[in-house]
1. What is the residue count in region 1-44 for residues that are modelled with pLDDT of 90 or more, of a type in the set (A, V, I, L, M, F, W, C) and closer than 19 Å to residue 72 by Cβ?
2. Taking region 59-95 as the region of interest, how many residues are at pLDDT 95 or above and touching a helix residue (DSSP H, G or I) at 6+ places or on another chain (Cβ under 9 Å)?
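The values are calculated or read from the model by the stated rules, or taken from the named source; none is laboratory data. Given the structure is predicted, the values throughout are model-derived calculations rather than measurements. For neighbour counting, all protein chains shown are included, and Cβ atoms are generated from backbone atoms with ideal geometry for every residue, glycine included.
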Amino acid sequence: MGITSGIVLFAVLWFLTFLVVIPIRLQTQGDVGKVVPGTHAGSPEVHNLKRKAWITTGIAAVLWAILAFVILSGAITVRDIDSWMGQRMAPIESQ
């Protein structure tokens, strides 16, 4: 895994994790009972996006470290995944 692919992997993990973390412990205006005129009752009352971004960064870093280790160590290869999916790749030629 090169530098660019490592950065791309981290960015993808970060955004996927962020989309999962955003709705956790979210309080809407409807939940609190203070709906501002002109807004939807499902609008968030308190965001705490900075805190959620830091939490996301920590989780994504741990997931990235695990995936980077698996990729770099060769514990699971593309051929392993192919054997689980029905062996669509050509066999390795023995010399």
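1. So the answer is 8.
2. Within region 59-95, residues that are at pLDDT 95 or above and touching a helix residue (DSSP H, G or I) at 6+ places or on another chain (Cβ under 9 Å) number 5.
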